[in-house]
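Enquirer: Please see the structure below; I have some questions.
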Amino acid sequence: MKTLKRRRKENKTDYLKRIKLLKGGFPRVVFRKTNRYVIAQYVTSKEAQDKVEIGVNSKYLVKYGWPKELGSLKSIPASYLIGLLIGKKIIKEKLKKPIVDFGMIKALHKTKTYAFLKGLIDSGIEIKCNEETFPSEERIKGEHMKNKIPFEEIKSKIENE
């Protein structure tokens, strides 16, 4: 027998937050983390049925020059670049301005979630956020990592696409 609110028990859905987001009627940019990747989706909802218009995950960064053997695809630089990539795609397709949905992820300052948000803002999407919550530029560029990634090269490829 199916239990009521199964996804809540599994820590996958906060139904109160979801209802508030759906009542707003705006499209959402959903950010999720897995054990290996970060995922971003532009989602529209009609009668509580979600439709993914654009989906991007950090595997796409390999196409832009992210070294497969170096660096994690779920790091702060990867999160920033995914935010930048999905933001550029939203603007390119002239979609409505979205709101951000972090779901069950705790939004702690200076983490991947805020690196993603900074990428969205840097792509040209207008979202109000306090600058102090973003990670430092050194962390966003991956200068703290042992294995250096060609951050500026990847960023310029995304911006020029």
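Enquirer: By counting other Cβ atoms within 10 Å of each Cβ, how are 116, 102, 31 ranked from fewest to most?
Expert: Fewest-to-most Cβ neighbours within 10 Å comes out as 102, 31, 116.
Enquirer: Further question on the same structure: I need the GluC sites (Glu not before Pro) found in the stretch 1-67, filtered to DSSP loop residues with at most 15 other beta carbons within 10 Å of theirs.
Expert: Answer by residue number: 10, 47.
Enquirer: Would you mind calculating the gained length between residue 128 and residue 48 on full extension (0.36 nm times residue separation, minus the Cα-Cα distance), in nm to one decimal?
Expert: Once the chain is fully extended between residue 128 and residue 48, it gains 26.2 nm.
Enquirer: Still on this structure, please answer the following. Averaged over every viewing direction, what's the projected area of the C-alpha convex hull for the stretch 11-89? Give it in nm², one decimal, please.
Expert: 5.9 nm²
Enquirer: While we're on this one: In what sequence do 95, 117, 16, 21 fall when counting other Cβ within 10 Å, fewest first?
Expert: 16, 95, 21, 117
Enquirer: Here is a follow-up. Taking neighbour counts of Cβ atoms within 10 Å as a proxy for exposure, in what order, fewest first, do 45, 75, 58, 156 appear?
Expert: 156, 45, 75, 58
Enquirer: Suppose only helical runs count, i.e. DSSP H with n ≥ 4. What mean residue ellipticity at 222 nm does that imply for the chain under -39500 (n - 2.57) per run, divided by all residues and rounded to the nearest 500 deg cm²/dmol?
Expert: Here the helix-only value at 222 nm equals -10000 deg cm²/dmol.
Enquirer: Cross-link candidates for residue 96: which lysines have Cα within less than 19 Å, leaving aside residues fewer than 8 places away along the same chain?
Expert: Once the sequence-local lysines are set aside, what remains near residue 96 is 20, 23, 46, 51, 88, 118, 128.
Enquirer: To continue, here is another question. How many nm separate the modelled label positions at residue 92 and residue 17, each set 7 Å beyond the Cα in the direction of the Cβ?
Expert: Label at residue 92, label at residue 17, 2.9 nm between them.
Enquirer: Ratio of alpha-carbon Rg to the 2.2 N^0.38 Å globular estimate for the stretch 10-160, to two decimals, please.
Expert: Scaled against compact globular proteins, the figure is 1.02.
Enquirer: Could you state the angle between the C-alpha long axis of helix 76-92 and the longest principal axis of the C-alpha atoms of the chain, as a value from 0 to 90 degrees rounded to the nearest 10?
Expert: Value to nearest ten degrees: 70.
Coordinate-derived values only; no laboratory data. This is a predicted model, so every value here is computed, not measured. With ideal geometry, Cβ positions are generated from the backbone for all residues, glycine too; neighbour counts draw on all protein chains shown.
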